[in-house]
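The values are calculated or read from the model by the stated rules, or taken from the named source; none is laboratory data. Bear in mind the structure is a predicted one, so any value in this text is a computation, not a measurement. Cβ: placed from backbone, ideal geometry, glycine included. Neighbour counts: every protein chain shown.
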Amino acid sequence: MDTQQVKDTVKQIFTEYLNANGHRKTPERYAILDTIYSIDGHFDIDTLYSLMMDQEKFRVSRATLYNTIILLMNARLVIKHQFGNTSQYEKSYNRDTHHHQICTQCGKVTEFQNESLQSAIESTKLNRFQLSHYSLYIYGLCSRCVRANKKKKLNNTNKKEK
């Protein structure tokens, strides 16, 4: 499915959600949806706000962004992730299942795919529960922070020896 087909499909899904739940169909909401589905990867509200401010046609308030994000999450078109102290979002329609590695030192988030891990999770028998989707977060140190810590430790050791 190409980008325009995805955008048309999510617009239709969002319209159906808004109609079914008695919400107004405003041009700003659709502009936010379009902008989100133009972003690759994760984004936060500040990034989305900046992108929306760059568009001359639709300047929206942060309150409108937050309210629309909630509607999009309820419509299952956006997923919210909590990486440490920050909330990040990503589009969820037509996305491959992926997992997240989160560095506990610098906060860097890296996506990765692992078919055997995905198969293991999806084939797990859950008691009285039907799996629809999942998120997996793996916390640790990225290679850059590991190197920086080793260098720092080495420098501290060398200082003590002098």
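Selection of the range 106-129 for residues being in contact with a strand residue (DSSP E or B) (Cβ under 9 Å, 6 or more places away or on another chain) and either assigned to a loop (DSSP other than H, G, I, E, B) or modelled with pLDDT of 90 or more (or both) yields 107, 108, 113, 114. In the condition set (1) exposed (fewer than 11 other Cβ atoms within 10 Å of the Cβ); (2) modelled with pLDDT of 85 or more, residue 132 is compliant with all but (2). Collect the residues in the range 39-61 that are in a loop (DSSP other than H, G, I, E, B) and in contact with a helix residue (DSSP H, G or I) (Cβ under 8 Å, 6 or more places away or on another chain), keeping them in residue-number order. Matches in the range 39-61: 39, 55, 57, 58, 59, 60.
Consider residue 102 against the criteria (1) crowded, with 17+ Cβ neighbours inside 10 Å; (2) in contact (Cβ under 8 Å) with a residue 40 or more places away in the chain: it satisfies all of them except one. Which criterion is unmet? Failed condition: (2). Consider the range 29-86 and keep the residues that are in contact (Cβ under 8 Å) with a residue 12 or more places away in the chain and among the charged types (D, E, K, R). The one that is surrounded by the most Cβ atoms within 10 Å (Cβ to Cβ) is 29.
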